[in-house]
Structures are given as structure tokens and as C-alpha cells.
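Q: If you scroll down you'll find the structure; I have some questions about it.
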Amino acid sequence: MKKIILAAIGIVGLLCTTSCATVGNKFDSSLIDSFVVGKTTETEVVALIGKPLTVTSATILGSKKKILSYSYAHSQVGKSTVGNHAAFVFNDQGVLETVTHSETGKDPS
């Protein structure tokens, strides 16, 4: 019985030290600089980066906008969280108006 308890404690300890969580889809943030405000289209962004995590429509100061959001985060016990987020705002003709991007940590892979 004592061996079973020790084995269970060891397994739980191993799981706790290797636990991780991932949210969203990884995307190549180096592509962000290739998009040109006023020129790049929604179709081009999706073709290069892939399907966004969320798509939001909004009316801002009377103009219809579409916002594509891409997010990725990976966290592992004992290590820093890495991730990135990008948001692309398009006008009603599907042309890029604004890009925001942020990164957290450095992905070792």
C-alpha cells in the first residue's frame, strides 16, 4: 500500500511539473510587417496567416468595419508564458485600415 501511495504522489508531482495550457492558434508574427495599410485586403491576410480566432463587425463613427483577431498563448508550469496577438481592422471594402500586434515572452521552438 505504501508503494502505491508513493507511486501516486510521484505521478501527480510529475504531472504538476509538466502541465501546460495552450490557447488559440500559433501564427507567424513575422508576416505582420508585410501588410500595407490602405492596400492589403482581408483575403490576403487570411491567405497568409490563416483563419482568425475571432471576426467582429462594428460601426465606428458611421463606417462599417470588420476586425480579424489572431491570438496564441502557451503556458507551462515553471516557465514563462509565450504568445502573440494581432488585430486587423478593415473598411467596408475589405481594405486594411489598422494593424496592432503584441508579443509576450520568447517561444523557444
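Bear in mind these aren't lab numbers, they're just calculated from the coordinates by the rules spelled out. Computed from a prediction, not measured in an experiment: that's the story for all the values here. Note that each Cβ is placed from the backbone with ideal geometry, even for glycine, and that neighbours are counted across all protein chains shown.
Q: Taking R0 as 25 Å, what FRET efficiency do you get between A21 and K51 from their Cβ-Cβ distance, rounded to the nearest 0.05?
A: 0.75
Q: Which ³J(HN,Hα) values, rounded to whole Hz and listed in residue order, are derived for region 44-54 from phi using the Karplus coefficients 6.51, -1.76 and 1.60 in 6.51 cos²θ - 1.76 cosθ + 1.60 with θ = phi - 60°, glycine and proline given as x?
A: Each residue of region 44-54 in turn: 5, 4, 5, 5, 7, 9, x, 5, x, 5, 9 Hz.
Q: On to the next question. Search the structure for amide H atoms under 5 Å from the amide H of L53, placed 1.01 Å from N in the peptide plane, and list their residues when 5 or more places away or on another chain.
A: S69, Y70, S71
Q: Calculate the spin-label point distance for V95 paired with K39, positioning each point 7 Å from the Cα along the beta-carbon direction, and give it in nanometres.
A: A separation of 1.2 nm, rounded to one decimal place.
Q: Another question, if that's okay. Take the Cα radius of gyration of region 20-104 and divide it by 2.2 N^0.38 Å, with N its residue count; two decimals is plenty.
A: Here the Cα radius of gyration is 1.18 times the empirical estimate.
Q: Then there is this: Express in whole angstrom the spacing between the alpha-carbon centres of region 58-105 and region 19-34.
A: 11
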